[in-house]
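The values are calculated or read from the model by the stated rules, or taken from the named source; none is laboratory data. Remember, predicted model here, so these are calculated numbers, not experimental data. Glycine also receives a Cβ, built like all others from the backbone with ideal geometry; neighbour counts cover every protein chain displayed. Calculation scope for accessible area: heavy atoms of the full protein, side chains included, ligands and nucleic acids excluded. Shrake-Rupley method; radii C 1.70, N 1.55, O 1.52, S 1.80 Å.
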Amino acid sequence: MVDYEVTVYTGDRVNATTLNGVHIKLVGTDAESERTWLRTLVIFRGSVSTYTVSCPNSLGQLVLIELDKRQFFLLPDDAWFPDQVEIKSPEQDRYIFPIHCWISDRETHRFREGKALRIFDESNSLGQYAREQELSQRSTDYDWDLYYPGVPYTIKADGPLSLPDEVQFSFTKTTEFAFTAATGLAELQLKGLVDNKENWQNLDNINYVFRNKDTPLSDYIQEHWKEDGLFAYQFLNGVNPTLIRCCKTLPKNFPVTDDMVFIPDGSSLSKELKEGNIYLCDYKNLDGMPANTIQGMQQYLMAPLVLLHKRPDDKLMPIAIQLKQTPAEDNPIFLPTDSTYDWLTAKIFVRSADFTEHQLNAHLLRTHLLAEVFAVSLLRNLPMVHPLYKLLIPHTRYTLQINELARKQLIGPTGVFTLFAASGGEALTMILAKLLSSITFRSLCIPDDIVDRDLHGVPNFYYRDDGLHLWNIMFKYVQGVIQYYYKSDDEIQQDSELQTWIRDIFEHGFLSQPQTGIPQSFTTVPELIKFATMVMFTSSCQHAAVNSGQYDYGGWMPNTPATLQRPPPTEKGTTSEATMLATLPPINVTVQGMATVWLLSRQSSDFVPLGHYPEAHYTEETPRQLQIDFKAELDMLSIAIGNRNQGLEIPYTYLDPKKVENSVAI
Ligand code: FE2
C-alpha cells in the first residue's frame, strides 16, 4: 500500500464549517483511489486538517480530485467552503488543487491540479473529459438572457438568489447590504419625508435634511455647487470624467460666436479654439429621449451642449450652454454674463442631464453591464484550469449578483430609478440601446480614450493621471502572466476556448456590431494582453472612478438632480429662485435619490482591494510572483496619490488603489 497525505484548507468565512461527511477521490495518470471519507464529523471554517488516503499502488501524476459530501444521520445538511486541497504523494511530489467555491449539494465536484493548462496542453484523457464536463455544466449554469433588444445580454436568472452559489454574495456582504438598504433612509434621518410630495420651499430646507451628511466632499459640494469652477471641475474629476473632449471646431448645432463669450486677456473664442483651449461636453445621446412621468407629472430631460475654456491660470471655466441640440430662438445660448438664475438654471439642467449620462452610460452600461458580459463569457467558456480564468475570475466577484439586484431594485418596474429619475422607464432601454452602438474598444482603453478626446493638455486632470498609471501597472502584470503562458501568436490562435470566449463577448456584449472595434477573435499575443487589461481595468478602476463618488457629488441634490419637473427656460430673464425651486424634484423624490446614492457609495467590510488575491488560483511561481510585484507597484502608487492629494483642495481618491475594488461589486 502507498499513502497520500491530503491536507484540506477550509475557507475562513461565515458558514464555511460543515457537519457533513466529506469524501475525496484522487485521480492520477495511472489509476484512481477509492472514494474515501475524510474521517471527521466537523470540518471547521478556517481549519487546516490532514488525512491519509491509501492506495494499493501509486496513481502516477495526479490530474484531479473529486469531492462530495453527505449528510450524517440526525445532523443538518449544510454547505462547505473549501479553499484548497494539498496532496503529498508517496513519491514526495506536492500537488495543490485550488477550489475557492461552495459545495452545497450531493453532486461530485471535480477540481484540477493548480498548474494552468490550455486546451492543447491536455495530454490526459481524464483531464480532457473533466474539462469538457465542466464547461458543459457551466454553459447550463451561466446562460445568456436577452434583457432588451439592442442592450447587452445578461445572465439568465430568476433573481439574485437563483444564481449559482459560487457567484453569490458572501453572508457578510448579504447581511450588510440588506441592512444598509433597509435602513438607508432612516440613517439619513429622512424617513418622515418619503411621503412628502411637496416642492422645496427654499434651499435651506434641503440643507436641513442633508445635515446628516457623512462625507467631507459632499459637504464641500453643498457649499460650492453654484460656482462655475466646481461645475467645470466635475467634468474632469467628478463621477463622470468620460464625456469632456477638446474642441477645435464648434459643432454646427452650437452657434457660439466670438462676440457672445468673454475670453480674458484680449483673446477670442476662435483663437482659443485653434490653440486647443476649448472643451466641449455634448449630451447628444440623450436627444429625443422621452422623459419619465413621476407622480403624474411630466419630467424634463435635456440634451445640452456645454463649452468650456481653459484659462491661462489653468482653470477650466464654462463659457456657454445650450440646453437642446437644435439651435432655435426658443433655445437660447446661456452665458455666465446672464442673470444669476438664468445661468444657474442652465447649469442645473446640464447637471441633471449628466446624472442620466453618468448613470446609464459611464456607470451602468460601460462598467456594470460590460463587466457582467465579461464574467458570464468567462464562466461559460473557460474552465478553472485555464490561465485566463485564473487571471480574470477575481475581477468578477459579486458582479452577477449586484447586477441582478440592480435590475430588480433600481431599474425594474418598481425600482427607484424607474420611479424617480427622468430617464427611468421607457427612456432607459432606449438610451442604453443608443449608447451601446456608440461604444468603441478604444473608448474602453484609457490610453486610447485620452488620445481620442485629445485631453493630454488639460491641467489638474487626476482621473486621467491616476487612470493611466493604473492602466500601465495593470498592463505590465497582465503582460507578464499572458507571456508566461503564451509564447507565440500560434498558441493564441490554437486556443479554441480563448477564441470562443472573445466571440461570445462580441456577440452577446456588443451584439456583433463590427464598428465597435471589439475583436471577434484573437490573432496575436499583444491583442490578448490589451483586451484582458481592458477587462480588468473596466471591472475595477473604471467602475471605481464612476461609482465611488456618487454620494460625494450626488448627495446634495441640487448639484445632481435625478430629474427636473419644469421645462427649461425658452427665453432669458424668466427665471428666479422660485422657478428654480419649482424645477427641482420634490421632497420625496430627493430623499429617495439621496438614500440610493448613499447605499451605492458604501464600502462593504469584505471589500477586496485591487491587486489583492486572497484566493490563490495560480499555484506556479511565476504568476504568483507577478501578483506580488503588481501589488507592490499599486502600493507605491497609492502612496504617491496620497501625497499628491495632500496639496489639493479637493483630494481625488477614487483611483487610489487602496480604495479601488477588484471587481464591480456595488
Ligand atoms: Fe456601481
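Key figures for this structure:
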| quantity | calculated |
| --- | --- |
| In the stretch 542-575, residue most open to solvent (accessible area, probe 1.4 Å) [restricted to those that are closer than 15 Å to Asn199 by Cα and in a loop (DSSP other than H, G, I, E, B)] | Arg566 |
| Subset of the stretch 502-516 [outside any helix (DSSP H, G or I) and either more than 21 Å from the chain's Cα centre (by Cα) or not assigned by TED's automatic domain parsing to the domain that holds Asn381 (or both)] | Ser512, Gln513 |
| Conditions (1) open to solvent by 20 Å² or more (accessible area, probe 1.4 Å); (2) within 24 Å of Lys347 (Cα to Cα); (3) within 16 Å of the ligand (Cβ to nearest atom); number of the one not met by Trp598 | (1) |
| Condition met for Val546 (of a type outside the set (S, T, N, Q) and in contact with a His (Cβ under 6 Å, 6 or more places away or on another chain)) | yes |
| Where a residue in the stretch 639-666 is more than 30 Å from Phe169 (Cα to Cα) and its partner, wherever it lies, is open to solvent by less than 10 Å² (accessible area, probe 1.4 Å) and within 16 Å of the ligand (Cβ to nearest atom), with Cβ under 9 Å and at least six apart | Ile641/Leu655 |
| Complete set of residues in the stretch 37-57 that are open to solvent by 40 Å² or more (accessible area, probe 1.4 Å), among the aliphatic types (A, V, I, L, M) and not in a loop (DSSP other than H, G, I, E, B) | Val48 |
| Residue within the stretch 604-622 that is aromatic (Phe, Trp, Tyr), within 16 Å of the ligand (Cβ to nearest atom) and farther than 21 Å from Phe235 by Cα present | yes |
| Some residue of the stretch 202-219 being small (Gly, Ala, Ser), over 30 Å from Thr579 (Cβ atoms) and open to solvent by less than 50 Å² (accessible area, probe 1.4 Å) | no |
| Filter result (buried (at least 24 other Cβ atoms within 10 Å of the Cβ), charged (D, E, K, R) and within 13 Å of the ligand (Cβ to nearest atom)) within the stretch 327-379 | Glu372 |
| Qualifying strands (runs of 3 or more DSSP E) (wholly inside the stretch 77-142; at least 1 residues being exposed (fewer than 14 other Cβ atoms within 10 Å of the Cβ) and assigned by TED's automatic domain parsing to the domain that holds Arg35) | 94-98 |
| Enumerated helices (runs of 4 or more DSSP H) restricted to the stretch 328-412, each holding at least 2 residues that are among the small types (Gly, Ala, Ser) | 340-356, 370-381 |
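A quick yes/no check of all residues on (1) part of a loop (DSSP other than H, G, I, E, B); (2) surrounded by 16 or more Cβ atoms within 10 Å (Cβ to Cβ):
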position: His617; (1), (2): yes, yes
position: Leu626; (1), (2): no, yes
position: Met636; (1), (2): no, no
position: Ala640; (1), (2): no, no
position: Leu648; (1), (2): yes, no
